[in-house]
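Engineer: Sharing a structure here in structure tokens format.
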Amino acid sequence: MDDSPDQQGVYFREYDQQDMRACARLAEEAWPAAPELVPEDEGSWGMEGYIESSLLWSNWRDVAYDSNGVIGFLFGRIDKHEGGVALVKSTFGEFSMIGRFLFGKDDRTPGMLGLFWNLLLTEMKLMVKMPRSDAEIELFIVDSQRRGRGIGRALVDRFVKAAKDSGSSLVTVYTDDKTSDWQFYEKYGFRRVGTFYDNLTSYFANVHSNGIIFVLDLETAQEPADSGKGQ
């Protein structure tokens, strides 16, 4: 990963621990929790734990920034990436993430059992439906005020190129139809291979949500004819 800018003064570099708060802020904005799950005095509800967990599964950690700071990031797994080996993701690991997410304060217990149960249901569905791959987008967010400028596409381009250069053949990503811009993946060239009721997102955001699994075959993928800027 390098520090080269794009034509709009946006730079890209590897994630640094000092980026934690900025990345957590973007995650809080992208995935707001249902009000009944968040204590009134909590401005931040554990998203730093979510970022930490995502970093465990990722050996690709790319950050986009401009003169105002971090404006987007993409964390992912590339099995053969020279940057190191990512930990193998597991349901037990996801439970650990939820523990970090919840236990920052003694009063952060409302909704805990519901989160664990709905996480388990969603993870069981993913175990059945998610294809095996040698590259996966783990966490991908662009500042809502800066979408439509091609920043998200640049982040995915950089990840896909690194995956190709490492000899990967298939990229997977799991997202949902309520809290994400899932159309972005279709415009980019990903193919939908699975859809299911997303228990965790539905519970967390208090809205019916469907999980979506996308794949990108790196051996046959071609540049979309007209993808637009998207994110």
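Engineer: So which of Gly83, Gly111 is modelled with pLDDT under 85, surrounded by 14 or more Cβ atoms within 10 Å (Cβ to Cβ) and at negative phi?
Structural biologist: Working: Gly111 fails: at negative phi.
After applying the criteria, what remains is Gly83.
Engineer: Give me the pairs, please: first residue somewhere in segment 134-155 and within 13 Å of Val70 (Cβ to Cβ) and basic (Lys, Arg), second residue anywhere and modelled with pLDDT of 90 or more and in a strand (DSSP E or B), beta-carbon distance under 9 Å, and either six or more positions apart or on two chains.
Structural biologist: So the pair list comes out as Arg146/Ala64; Arg146/Asp66; Arg146/Ile71; Arg146/Gly72.
Engineer: Look at segment 8-21 and say how many of its residues are crowded, with 17+ Cβ neighbours inside 10 Å and at pLDDT below 95.
Structural biologist: Narrowing segment 8-21 to residues crowded, with 17+ Cβ neighbours inside 10 Å: 10, 12, 15, 19.
Right, trim to at pLDDT below 95 and you get 10.
The number of residues fulfilling the criteria is 1.
Engineer: Turning to a different aspect of this structure: Does segment 167-197 hold any residues that are polar (S, T, N, Q), in a loop (DSSP other than H, G, I, E, B) and crowded, with 17+ Cβ neighbours inside 10 Å, and which are they? Outline the logic, then answer.
Structural biologist: Of all residues in segment 167-197, those polar (S, T, N, Q) come to 168-169, 172, 175, 179-180, 183, 195.
Subsequent filtering for residues that are in a loop (DSSP other than H, G, I, E, B) retains 168-169, 179-180.
Matches in segment 167-197: Ser168, Ser180.
Engineer: Quick check on my filter: what residues within segment 169-182 are modelled with pLDDT of 95 or more and either over 13 Å from the mean Cα position of the chain (by Cα) or of a type in the set (Asp, Glu) (or both)?
Structural biologist: Ser169, Leu170, Val171
Engineer: Suppose we filter Ile98, Ile71 for residues that are within 24 Å of Asp181 (Cα to Cα) and modelled with pLDDT of 85 or more; which single one remains? Outline the logic, then answer.
Structural biologist: Numbers: Ile98 fails: modelled with pLDDT of 85 or more.
Exactly one of Ile98, Ile71 is within 24 Å of Asp181 (Cα to Cα) and modelled with pLDDT of 85 or more, namely Ile71.
The values are calculated or read from the model by the stated rules, or taken from the named source; none is laboratory data. This structure is a prediction, so every number in the text was calculated from the model and none was measured. All Cβ positions, glycine included, derive from the backbone under ideal geometry; neighbour counts span all protein chains shown.
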